[in-house]
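Structure first, then comments.
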Amino acid sequence: MPYSQEFGDHFYCREDGRLECGHVFLAGNGLPERWHRPGTFRIGELGFGTGLNFCETWRQWKAAPFEGANLHFVSFERFPMRAPEIDRALTRWPEIEAERLALCAQWPDYPEGRIDLDFASGLRLTVVCGAALEGIGGLTEKVDAWYLDGFAPKRNPDMWSEDLMRLAYEDTVEGGTFATYAAAGFVRRNLQAAGFTVERRPGFGSKREMLGGVKSTSGVAE
Ligand SMILES: C[S@@+](CC[C@H](N)C(=O)[O-])C[C@H]1O[C@@H](n2cnc3c(N)ncnc32)[C@H](O)[C@@H]1O
């Protein structure tokens, strides 16, 4: 169970991080249903961590093939892990063994800068190393769905700041969505101030609430 000494927090919930990812980030963004269209669907993630969200997303992507559809998963990570650490964290889940092995096989020995990896089934992974607030400005294409996955907001406020939420909003397509396990009042207010329509939803496991929402200039949640 990976734990960050620096932030005093776990990388994912202790109950089952993979199932939490399915509930919060995939279902919370209307996935996999929204993948059923041709063209490139782009996911943006704040906090790559162990790559658990990436591997679970990839597993679900492979299970929902659609002719002419591609997936680009773009993630921002200030403290990228080394492959053995990623491998150790993810071996707990046999369901994502193939994805873990493929990710670790391509992951650079010394992750830094911008990492671009191409995988089978129309999937590309980009990890931009460094502070998210700096990296996000370099996005050249807009995101369809955000996974907001910093550490607990109280311990990692940089990942939930109004400035960062505003940049994420600017980099979102009209009708694009976000989802997060976090439900703190200041996170909700920053997302609203950025322009998102925000909803409180039932959280995963013992967490009562999570947040999800949409960028809609008409202000109506889908
Ligand atoms: C909850 S963990 C993410 C878990 C991850 N999504 C996974 O699937 O394992 C939060 C991540 O945010 C990263 N982080 C914290 N502050 C950051 C910042 N300012 N910019 C970019 N990444 C940051 C941490 O290093 C950590 O990997």
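The values are calculated or read from the model by the stated rules, or taken from the named source; none is laboratory data. Note that the structure is predicted; figures quoted are calculated from it, not measured. Here the Cβ is made from the backbone with ideal geometry for all residues, glycine too, and neighbour counts use every protein chain on show.
Return yes or no: is Thr91 without any contact (Cβ under 8 Å) to a residue 24 or more places away in the chain, surrounded by fewer than 19 Cβ atoms within 10 Å (Cβ to Cβ) and either farther than 18 Å from Gly17 by Cβ or charged (D, E, K, R) (or both)? Criteria not met by Thr91. Taking the conditions (1) in a strand (DSSP E or B); (2) surrounded by fewer than 17 Cβ atoms within 10 Å (Cβ to Cβ) in turn, Asp109 satisfies each one other than (1).
Name every residue in segment 10-22 that is within 8 Å of the ligand (Cβ to nearest atom) and free of Cβ contacts under 8 Å to residues at least 24 places away in the same chain, in order of residue number.
Going through segment 10-22, the residues within 8 Å of the ligand (Cβ to nearest atom) turn out to be 10-12, 17, 21.
Answer for segment 10-22, where residues must be within 8 Å of the ligand (Cβ to nearest atom) and free of Cβ contacts under 8 Å to residues at least 24 places away in the same chain: just His10.
When Phe7 is tested against (1) touching a Phe, Trp or Tyr at 6+ places or on another chain (Cβ under 7 Å); (2) over 27 Å from Thr197 (Cα atoms); (3) in contact (Cβ under 8 Å) with a residue 60 or more places away in the chain; (4) in a helix (DSSP H, G or I), just one condition goes unmet, and that condition is (4). Taken as a whole, the structure leaves Leu101 outside the set of residues that are outside any strand (DSSP E or B) and more than 28 Å from Gly68 (Cβ to Cβ). With respect to Thr180, determine if the residue is surrounded by 14 or more Cβ atoms within 10 Å (Cβ to Cβ) and away from the ligand (no atom under 11 Å from the Cβ). No. Among the residues of segment 121-168, the one identified as more than 15 Å from Phe48 (Cα to Cα), basic (Lys, Arg) and surrounded by 15 or more Cβ atoms within 10 Å (Cβ to Cβ) is Arg166. Screening Phe54, Phe25, Phe41, Phe76 for residues that are more than 15 Å from the ligand (Cβ to nearest atom), outside any loop (DSSP other than H, G, I, E, B) and within 16 Å of the chain's Cα centre (by Cα) leaves exactly one candidate, Phe41. Enumerate the pairs (first residue in segment 103-118 and under 14 Å from Phe79 (Cα atoms) and basic (Lys, Arg); second residue anywhere and in a strand (DSSP E or B) and modelled with pLDDT of 95 or more) with beta-carbon separation below 6 Å, excluding pairs fewer than 6 apart on the same chain, so at least 6 apart or on different chains. That search, which allows pairs on different chains as well, returns Arg114/Val128.
The one condition from (1) in contact (Cβ under 8 Å) with a residue 40 or more places away in the chain; (2) within 12 Å of the ligand (Cβ to nearest atom) that Pro153 does not meet is (1). Of the helices (runs of 4 or more DSSP H) that lie entirely inside segment 126-222, those containing 2 or more residues that are in contact with an Asp or Glu (Cβ under 9 Å, 6 or more places away or on another chain) and among the small types (Gly, Ala, Ser) span 132-135, 185-194.
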